[in-house]
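Everything on this sheet refers to the single structure shown next.
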Amino acid sequence: MTDLMHRHGGVVRTRALVAAGAHHRDITRAIRGEAVLRVREGVYALPSTDPHVMTAASHGGELACVSALRALGVWVLDPPGRPHVWLGTKGRVHAHGGCRCIDHHDAGHATFGVTGLSLALVQASRCAGEECFFVAYESAWNKGLIDRAERDWIRRSVPARYKRLVDLARADADSGLESLLRLRLSRLGIALDCQVSIAGVGRVDFVAAGRLIIEVDGEQNHGSASHRHKDLVRDAAAAALGYATLRFDYALVVHDWPTVERAVLARLQALRGAVVG
């Protein structure tokens, strides 16, 4: 019985267990032995099942939208919040304790588990906003989780105003911060060369106007003294070649964007003035 539940992602209905040869007494015995958990009437889960998946099953469907994206390992801009659940075209909501779920009624038949990645991205385009969708889309592409056919389907399925975001997206964004910064600067009309290799410096995240290096440091891997020293060496090498460098971290990009924007615009203006002079 538990093997069947593993094959179904950890959550199944009674009828699936019975169809596979389990008897009701077997289910009762498994519950008493804590080998199986009762999610709600007629729905059971393995104790190892993701709690968010069990919450979605309690509600009546699959983990969806940004909740699914996060479960699938995609970079999501916003912190975890209310669970999103896909109920399918005709799915019914089931009452459960502490329910804060956000319903999705996209066409199709929802079961249990985690919604497919392509559908979750389309759901995010309708629910979570442009930045969240774009960052997640580039993350999924960078991780090799969506192929050409899936990207084409996503482009056909998202709202019209989001198609330009699909067209803007690239596969080489190493982090969601890079995606977010590039999207926001594109709104200002600032074009960026991405993942540029500079002799004597190495690969940098972005180059603007041919002379301004912009680096985005994530929450991890740049806090140690050794990494800080390497960054300083790179910046010095870039300066010797005539580049200016701006370096931003997670807190600046996500929580203090006006500071980032002012810095980029001011440095670009200064560089252009130096060329004119």
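The values are calculated or read from the model by the stated rules, or taken from the named source; none is laboratory data. From a predicted model like this one, the values you see are computed outputs, not experimental measurements. Using ideal geometry, Cβ is built from the backbone for each residue, glycine included, and neighbour counts are taken over all protein chains shown. The protein model used for the area step is the full one, side chains on, heavy atoms only, and it has no ligands, DNA or RNA in it. Shrake-Rupley method; radii C 1.70, N 1.55, O 1.52, S 1.80 Å.
A few comments on the model shown:
- Ratio Rg/Rh [Cα only; Rh per Kirkwood] for segment 42-172: 0.98
- Per residue, the solvent-accessible area of segment 34-117 (1.4 Å probe, heavy atoms of protein chains only, all protein chains present) comes to 47 Å².
- For Q195, the residues whose modelled amide H falls within less than 5 Å of its own, excluding neighbours fewer than 5 places apart on the same chain, are F206.
- Residues Y137, Y44, Y250, sorted by accessible area with the largest first, give Y250, Y44, Y137 [1.4 Å probe; ligands and nucleic acids excluded].
- Taking the charge dipole of segment 1-140 about its Cα centre, with +1 at Lys and Arg Cβ atoms and -1 at Asp and Glu Cβ atoms, the residue from V43, G10, L63 reaching farthest to the positive side is V43.
- In order along segment 189-202, the Karplus-derived 3J(HN,Hα) couplings, from 6.51 cos²θ - 1.76 cosθ + 1.60 at θ = phi - 60°, round to x, 9, 8, 10, 8, 9, 6, 8, 8, 10, 4, x, 10, x Hz, and Gly and Pro are given as x.
- Taking A238, A57, A140 as the candidate residues, the one with maximal mean-square fluctuation in a Gaussian network model of the chain, Cα springs under 10 Å, is A238.
- Solvent accessible area, Å² - H23, 1.4 Å probe, full protein context: 90 Å²
- In sequence order, calculated HN-Hα J values of segment 89-100 (Karplus, 6.51, -1.76, 1.60; Hz; x Gly/Pro): 5, 10, x, 10, 6, 10, 5, 8, x, x, 5, 10
- Comparing R262, R155, R211 in a Gaussian network model of the chain where C-alpha atoms under 10 Å apart are linked, the largest mean-square fluctuation is found at R262.
- Among the listed values (1) 0.92; (2) 1.13; (3) 1.28, the one matching Cα Rg over 2.2 N^0.38 Å as calculated from this structure is (3).
- The H on the amide N of V39, modeled in the peptide plane, is under 5 Å from the matching H of Y44, A45, each at least 5 residues off or on a different chain.
- Per-residue ellipticity at 222 nm computed for the chain from its helices equals -13500 deg cm²/dmol, with DSSP H segments shorter than 4 residues left out and the rest contributing -39,500 (n - 2.57).
- Fluctuation leader among A71, A171, A107 - the chain, Gaussian network, Cα springs under 10 angstrom: A107
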